[in-house]
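Report on the structure given below.
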Amino acid sequence: MMENMYNVGKIVNTQGIKGDVKVVRITDFEDRFNVGNTVYAVMNDGTHVGLEIDRHRIHKGFDILHFSGYDNINDVEHFKGVQLTIKETQLTELEDGEYYYHDIIGCDVWTTEQEKLGTVKEILSPGANDVWVVKREKGKDVLIPYIADVVKVVDVPNKRISIDVMEGMLD
C-alpha cells in the first residue's frame, strides 16, 4: 500500500530556461523546500515523480525551485499545473496547539453552546494568525481566527472544533 502523501505546493509555471519552476506554496513550513529535500510531482496519470531540490529562492511571493538533473525548460515543461507532495514520513513534528491543514479542513465547528456552525473548508494565512473558513449549511461562510480567545477545543480524531463566538463574528 502506498504511504499517504500531503500537498505542499503547486507548480504554476516554468521560470527562465534553465529548468526552474514557479511554485505556489501551501505549507507553513519554511524548510519544506530546502536544498536536498525531495518532493513528489503528482502526474496526470497518478504516478509520483521524486524530485530532489538543488536550488531554492523566493521571487515575488513564489518559491522558485530547481530539481537535480532537470537543467532545461523542456525538462520541466510537463510539470506545469501539477501538485507537489511529500510523504507522511516527511511531515514535521508539531508542537502542542499546532495542526496540519489536512487535520483541520473537514472538521465540524460547534459553538460552546453546542450549536453546529458548519465545516472548515479552507485555511487562510493572511498574517499573524490563520483564519479558518467555515462553510455553513445556510448563509455565507464564517471566518474564524485561530486564536485562543476563539478556538477552545480542537479534537482532530473526532473531527470536531469548539469555538467561543466573538461579537459580530456571525453577522
Diffing the stretch 103-110: the Karplus 3J(HN,Hα) column from phi (6.51, -1.76, 1.60, θ = phi - 60°), in whole Hz with x for Gly and Pro, holds 6, 8, 5, x, 6, 7, 10, 10
Contour minus Cα-Cα span, K60 to H48, at 0.36 nm per residue, comes to 1.5 nm
For the stretch 88-163 the GluC sites (Glu not before Pro) that pass both the DSSP coil test and the at-most-12 other-Cβ-within-10 Å test are E93, E95, E98, E113, E115, E137
Links exceeding 24 Å between C-alpha atoms in this model, out of K87/K152; K135/K159; K60/K135; K10/K60; K60/K87, come to K87/K152; K60/K135; K60/K87
Taking trypsin sites (Lys or Arg not before Pro) in a DSSP loop with at most 11 other Cβ atoms within 10 angstrom as exposed, one finds the longest site-free stretch of the chain at 61-137
From the Cα centre of the stretch 120-157 to that of the stretch 90-110, the distance in Å is 12 Å
For G118, the residues 5 or more places away or on another chain with a placed amide H closer than 5 Å to its own amide H are V109
Rounded to 0.05, the calculated FRET efficiency for the beta carbons of V150 and E88 at R₀ = 41 Å is 0.85
For the stretch 5-90, averaging the sequence separation of alpha carbon pairs under 8 Å that lie six or more residues apart and dividing by its residue count, the contact order in percent is 42 percent
Restricting to aspartates and glutamates and to Cα separations under 16 Å from K80, and discarding same-chain partners fewer than 8 apart, the set is D20, D45, D63, D71
Note: H78 to V131 extended length (0.36 nm per residue) minus current alpha-carbon separation gives 15.7 nm
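None of the figures in this text is laboratory data; all of them are computed from the coordinates on show. Worth saying up front: this structure is predicted, and the values here are computed from it rather than measured. Every residue, glycine among them, receives a Cβ derived from its backbone with ideal geometry; neighbour counts consider all protein chains shown.
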